[in-house]
1. On a 0 to 90° scale, report how tilted helix 59-68 is relative to the longest principal axis of the chain, with both axes built from alpha carbons and the result rounded to the nearest 10.
2. Between the helical axis of 556-573 and the dominant principal axis of the chain, each derived from Cα atoms, what acute angle in degrees is found, rounded to the nearest 10?
3. Provide the gained length on full extension for the span Leu91 to Glu328, in nm with one decimal, where the gain is 0.36 nm per separating residue minus the Cα-Cα distance.
4. Kindly put Val322, Val312 in sequence by how many other C-beta atoms sit within 10 Å of each C-beta, fewest to most.
5. By count of other Cβ within 10 Å, fewest leading, how are Asp321, Asp259, Asp336 ordered?
6. Mind ranking 95-101, 161-167, 368-374 by how tightly packed they are, going by the mean number of other C-beta atoms within 10 angstrom, highest first?
7. Could you tell me how far the Cα centroid of the range 131-158 sits from the Cα centroid of the range 514-587, in Å?
8. What do the square roots of 5 times the Cα gyration tensor eigenvalues come to for the range 273-421, in whole Å, largest first, as semi-axes of the equivalent ellipsoid?
Amino acid sequence: MTQNGIILLVRLSVLCLILVVFAGAAAQRSFRYEHTFRNNRAEQVDGELLVKFKKHSAYAKKLSSIRAHGSTRLREFSRTGYIHVKLRPGLSVADAMKLYASDPDVEAVQPNVRYAAAALPNDPAFASQWGFKNSAQTVATPSYTLADGSAIANPGTAGCDMNLGSAWNEITDCRAVIVAVLDTGVNYDHEDLANNMWDGSTAYPHHGYDFTGGGSDDPMDLNGHGTMVAGIIGAEGNNGRGGTGVCWRASIMAVKVLDAAGNGTSASVVDGINFALSHGAKVINMSLVTHVFDQAVYDAIQGAKENGVLVVAAAGNDAADVDDASGETSYPGAYDLDNIICVTALDQNYALARFSNYGAARVDIGAPGVNSANVWAGTTASIAETFSTGWTGGDTNHPGTSGWGSTYETDIECPSIKQYCLINPSFDEYYKNNIKDRAFRDYAPFAKTADGIVLRFAAQYSFYDSGDWLGVYIKNTAYDPLPADSVKIDDFRGGTGKRSSAYDLTSLVKGKDNFKIMYYLSTNETGNAASGIMISDMTVTGLWLSATAYSNYSGTSVSAAHVTGLAAMLFAFNPDYTYTDVAQSIYAGARRVAALKSVTRTGCAADAEGALEYLSAPEGVGSELVKD
Ligand SMILES: [Ca+2]
Ligand SMILES: [Ca+2]
Ligand SMILES: [Ca+2]
């Protein structure tokens, strides 16, 4: 990297220092040219050079030197002192460079390099991908809105972006670097991803692995989130379809550690990290969070560090301070490992997105995180349950009666919201002793053709003792379901609480003629001074896979994916780089953003061109900023 005559441009955000090192007297070229040549992206003009003579050289001496080498003077750039010369016919640029470099009066010589218009991809959706190039465009059907649906910061401010327009002049192909997407899987058949997937050989025909459920070699995404993340990193650019990723060409490893409902475990995440390490990934994207310190996952990420692998993690979407361990901190982003880059989300004006987690110590950097237009795994449809039609049931201990009712009710914990609820018993009463009371609905007509099916609901419950409980069951028969011949997927027992839950039902109900969801309240003989259960916010969502699905998404998952793409680009551009070099390039090449000051460690947003231009500082020129 530091051979003869390279000008080192060391960009340190703290010092804003530009250090110029002349490491030899021979022909000099700038750092960017060095890379430009290596990537064969620019050409030189045949038969011409730019020559700079040493300061003491008299003008007549310069002209006689030029004539002595058989060249003619075309013009002089008086501000910088370079002279544009035409070479004698038959003399190659390379030979002429040697000739002038050996001239004791010459300080510098270089080719007359050709420039082209900045490389921008031809993909139709690129125009709306503001995070890559923000021209103050309005993003259609935005996902980042207020509760009433009104737009926030759309359009935003031109130039608030990752500065990829100029970076793409240097490099667009990151295929040499394997990027593991630890997520809900990837739709590897998608038209804008299929060419950019990792491997695909017999051992891994589906480009990765699924560590959810029983495990399989098919990490197909039945949610959409993982495909979205993969698209930001490496949707195929300049193929005339969809949008692009940070990398136009990529090697995306699909590591499914979250199911269709977005649920994973320590075990699935550790398996996923280890799979990535043993199959050569250099970067792991983890747009997933938990609020619990997980030693097993921490140790696995430490294993990644020991293998030189960089992890890019989402800061989380709780609008919370992750430095506050007593609050809603988010792991793995907040772990104190220097191979984790924790990323928060910026909007189209480069303000902190309203959902963004922050942390002056633990959140490293910001990146675009709202209204990201990119690939999705398929088309989705949902039934938002109103509990008004389709429900049947009764009390098996008291035939002909049921304590279940439905209402449009105020949320106990959030009185400003009214919602459809299924309640047992009616709102202000205690439930009865010794009841076996069920309510169920058949969803098969809606879900039979879907590739993925997810149930979500919120429950508020109050049970007098542990003999009183609610079970949630799935049933595949045409007849009236009972718990004995159904599959229980959850259990709420004893105590008081509220939680929102999501369940991947795909393996239970896909393609089935019958698919019933049943809530079953069971109480024992004694102790009933409690109000029972209220089910709300219930949806059943189907996903139908598609190779041409696109969507718009907001969240710190989006911002992490932007930085992961950049990390892959840097590893590909500098094959000798370690994870530390890549992280330092990202931090030191980043640009200051007012909204990130004091809420992130660097106060900066990731900048692709800045990171590409950054070179490791020579010995003795340290940067406090890059310490983690
Ligand atoms: Ca494309
Ligand atoms: Ca960090
Ligand atoms: Ca009881």
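Readers should treat all values here as calculations from the given coordinates under stated rules, not as data from a laboratory. All values reported here derive from a predicted model rather than from experimental measurement. Neighbour counts are summed over all protein chains in view; Cβ atoms, including those assigned to glycine, are modelled from backbone coordinates with ideal geometry.
1. 90
2. The angle comes out near 30 degrees.
3. Values: separation 237, 0.36 × 237 = 85.32 nm, distance 6.83 nm.
Result: 78.5 nm gained on full extension.
4. Values: Val322 26, Val312 33.
Starting with the residue having the fewest Cβ neighbours, the order is Val322, Val312.
5. Fewest-to-most Cβ neighbours within 10 Å comes out as Asp336, Asp321, Asp259.
6. Values: 95-101: 18.0, 161-167: 22.9, 368-374: 29.0.
Order by mean packing, descending: 368-374, 161-167, 95-101.
7. Centre-to-centre distance over Cα atoms comes out at 22 Å.
8. Square roots of five times the eigenvalues give 41, 21, 18 Å.
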